[in-house]
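See structure below.
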Amino acid sequence: AAKSATSTTATPTPAQQAAVPAVAPPAGQVLGLANTGARVVLRARGTTRITVRGADGKLWINRDLAPGEVYNVPNLSGLSMALSNAGALEVDLDGVSLGRAGEPNQVLGRVSLDPQSLVDRFNGH
């Protein structure tokens, strides 16, 4: 009897299986939550330093992102980003991944975050 009790507790019930997500959510915090309606989302897939500035020079973010951290870019024209490791940053536009911003350990400066500029950049124009 003890043997059957052990085997039944080791196997999750269908209700327990349903409660376990198939894919674990990404670890890390979401930055820029106040930027509602963000069309551009930057996802750290590795460690990188990110700086986002406005056309007027206003600094929106300047910090290291750890893997799993996300930054919602304000929905404003004229923003640009600089990265210390472009291969560690994935760019999403309107919920669709455009891919990595560049090659591993590639330093980028003044990459436009305007949606059309991103589409052109990732489509090789």
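About its Cα centre, how strong a charge dipole does region 84-125 have in debye, to the nearest 20, once Lys and Arg get +1 and Asp and Glu get -1 at the Cβ?
Result for region 84-125 is approximately 160 debye, rounded to the nearest 20.
Go through region 38-105 and name the trypsin sites (Lys or Arg not before Pro) that are in a DSSP coil and have 14 or fewer other Cβ atoms within 10 Å of their Cβ.
Loop-located and lightly packed - Lys58.
Rounding to the nearest 20 debye, state how big the charge dipole of region 30-77 is about its Cα centre with +1 on each Lys and Arg Cβ and -1 on each Asp and Glu Cβ.
Dipole of region 30-77, to the nearest 20 debye: 80 debye.
Computed from the coordinates by the stated procedures, all read-outs in this text should not be read as laboratory data. All values derive from a computational prediction rather than experimental measurement. All Cβ positions, even for glycine, are placed from backbone atoms using ideal geometry, and neighbour counts span all protein chains on display.
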